[in-house]
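Shown next, in structure tokens, is the structure this report addresses.
The values are calculated or read from the model by the stated rules, or taken from the named source; none is laboratory data. Everything numeric in this text was worked out from a predicted model, so none of it was measured. We place every Cβ from the backbone using ideal geometry, glycine too, and count neighbours over all the protein chains shown.
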Amino acid sequence: MKFTELELKEGLLEALSYMGFETATPIQEKAIPIILKNYDLIACAQTGTGKTAAFVLPILNKLIGKKDTSIDTLIIVPTRELAIQIEQQIQGLSYFLSVGSKAVYGGGSGKDWEEQKNALKEGTDIIVATPGKLLSHLKMGYVNFKNVKHLILDEADRMLDMGFLEDITEISSHLPKNRQTLMFSATMPTKIKQLARKILNDPKEVSLAVSKPAEGVTQAVYLTFDNQKIPILTHILNQRKEYDSIIIFTSAKAKVSEINRSLRSAGFKSKPISSNLDQDEREEVLRLFRAKKVRILVATDVMSRGIDIKEINMVVNFDVPHDAEDYVHRIGRTARANTKGEAFTLVNPKDFHKLSKIERLIDAKVTRLELPEEFGVGPEWKSPSKKKKNKPYYKKRKNFTKKKSNK
């Protein structure tokens with residue numbers, strides 16, 4: 001469907017045309033008409049489907065001709081990076097419109113705090129905020145939400161995973177009850193449905209199935225013991241010296257620094273990024289990575305969603321993500337816009353069941369690669385579905401011996 005068929009106003013269509021957008025994605029095609037008709041909405045769509053524009057476009061459409069500068073729309077997101085990215089998209093899409101916006105997040109300077117305070121007190125059309133920093137402002141008593149007409153929760157499942165349920169409930173209590181509420185989530189667990197029942201009013205529902213990994217991604221796994229992971233990772237990187245943009249994912253931020261130190265010791269140009277860094281440090285790391293001045297980024301799952309970095313050559317899952325859907329998000333960082341990419345996952349025995357869940361989700365078996373001989377023998381795969389009661393579903397091969405890497 002063309003954007004011209006979605007009853008969007010001329011100024012917005014002009015901005016879309018200027019940016020080269022003509023055809024709506026499935027989530028945009030389904031969500032925009034619902035939002036324009038002022039229904040509450042709960043939408044299930046993953047990163048990369050165009051969901052940001054699915055809620056930003058109809059909101060901007062409603063704001064055309066607005067006379068005052070009061071806060072009309074509040075968008076809550078889990079991370080500072082996503083807040084910045086959405087606010088930048090709002091600025092791009094509202095280029096021909098008279099619409100103001102402000103991102104509210106932590107880690108900035110005193111000047112940043114004052115600018116956020118002024119926007120929350122005096123008003124600007126759209127506020128994009130992380131829960132913690134917004135609550136800090138709310139507790140000061142000067143935030144003016146009396147004219148808010150739209151509340152949007154983006155990456156709702158991620159926010160709940162990060163422990164923001166009480167914060168979201170508290171924030172919503174400061175908003176007018178007569179408002180439109182939109183919830184976007186990549187997955188739809190029970191706790192999301194419970195939150196929706198609390199803060200949404202008779203919502204419409206839109207659900208897109210979790211997309212399969214892009215055809216351009218070559219997927220493979222190494223079955224490894226934990227002590228083999230760093231040598232294998234080093235081997236993978238040494239085999240691809242021409243790659244200049246690589247992300248290594250780990251589920252625990254405590255591992256980020258450890259992996260990065262090992263890579264730096266091995267002579268690789270890498271940088272860590274996690275919530276342990278302050279905002280300026282994180283932005284600087286991303287800037288260097290985008291500029292190809294840093295070849296390898298070691299990251300937590302904060303990088304798997306909501307961060308738009310193009311031309312990633314390879315993704316390595318140092319460990320298997322907790323949720324199968326997160327695997328799709330992680331490897332979705334590469335092979336974007338019809339390009340090619342590689343995705344490797346290092347799987348230890350206790351994570352065999354997670355790999356099985358991933359393969360069921362993507363409806364495909366991921367290629368198992370033999371370990372290079374110098375690293376010894378890894379664990380032998382046994383499907384968790386075939387495990388015997390009270391017995392482990394993997395075994396060490398009898399001829400397993402530890403060998404040092406040549407690196």
Task: Identity of the residue in the range 276-303, β-branched (Val, Ile, Thr) and in a helix (DSSP H, G or I), that ends up nearest to Ala83 (Cα to Cα) - done: Val302
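Of the residues that make up the range 142-157, is at least one basic (Lys, Arg), in the same structural domain as Leu41 (by TED's automatic domain parsing), touching a strand residue (DSSP E or B) at 6+ places or on another chain (Cβ under 9 Å) and not in a loop (DSSP other than H, G, I, E, B)?
Pass one, the range 142-157, residues basic (Lys, Arg): 146, 149.
Now narrow it down to the ones that are in the same structural domain as Leu41 (by TED's automatic domain parsing): 146, 149.
Checking which are touching a strand residue (DSSP E or B) at 6+ places or on another chain (Cβ under 9 Å) leaves us with 149.
Those still in the list that are not in a loop (DSSP other than H, G, I, E, B) too: none.
For the range 142-157, residues basic (Lys, Arg), in the same structural domain as Leu41 (by TED's automatic domain parsing), touching a strand residue (DSSP E or B) at 6+ places or on another chain (Cβ under 9 Å) and not in a loop (DSSP other than H, G, I, E, B): absent.
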Open item on the list: Taking the condition of being of a type outside the set (Gly, Ala, Ser) and in a helix (DSSP H, G or I), how many residues in the range 245-254 meet it?
Closed with: 1
Open item on the list: Conditions first: (1) part of a helix (DSSP H, G or I); (2) of a type outside the set (Lys, Arg); (3) within 20 Å of the chain's Cα centre (by Cα); (4) surrounded by fewer than 18 Cβ atoms within 10 Å (Cβ to Cβ). Leu160 passes all but one, so which condition is the exception?
Closed with: (4)
TODO: Among residues belonging to the range 214-245 that are aliphatic (A, V, I, L, M) and modelled with pLDDT of 95 or more, point out the one that is farthest from Val316 (Cα to Cα).
DONE: Leu223
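Return the only residue of Thr69, Thr73, Thr49 being in contact with a Leu (Cβ under 7 Å, 6 or more places away or on another chain), farther than 20 Å from Asp278 by Cα and either in contact (Cβ under 8 Å) with a residue 12 or more places away in the chain or not assigned by TED's automatic domain parsing to the domain that holds Tyr18 (or both).
On the way: Thr69 fails: in contact with a Leu (Cβ under 7 Å, 6 or more places away or on another chain); Thr73 fails: in contact with a Leu (Cβ under 7 Å, 6 or more places away or on another chain).
Answer to the selection: Thr49.
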TODO: Would you please name the residue that is modelled with the highest pLDDT, looking only at residues in the range 15-41 that are farther than 13 Å from Leu57 by Cβ and acidic (Asp, Glu)?
DONE: Asp40
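Does the range 255-275 include one or more residues that are part of a loop (DSSP other than H, G, I, E, B), within 22 Å of Thr79 (Cα to Cα) and either touching a residue at least 60 places away in the same chain (Cβ under 8 Å) or not charged (D, E, K, R) (or both)? Explain how you work it out, then say what you get.
Step one: list which residues in the range 255-275 are part of a loop (DSSP other than H, G, I, E, B), which gives 266-269, 274-275.
In the following step, the residues that additionally are within 22 Å of Thr79 (Cα to Cα) were identified as 274-275.
Next, only the ones that are either touching a residue at least 60 places away in the same chain (Cβ under 8 Å) or not charged (D, E, K, R) (or both) stay: 274-275.
Looking through the range 255-275, at least one residue is part of a loop (DSSP other than H, G, I, E, B), within 22 Å of Thr79 (Cα to Cα) and either touching a residue at least 60 places away in the same chain (Cβ under 8 Å) or not charged (D, E, K, R) (or both).
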Open item on the list: Checking Ile168 against (1) part of a helix (DSSP H, G or I); (2) under 25 Å from Asp323 (Cα atoms); (3) without any contact (Cβ under 8 Å) to a residue 40 or more places away in the chain, only one condition comes out false. Which one?
Closed with: (3)
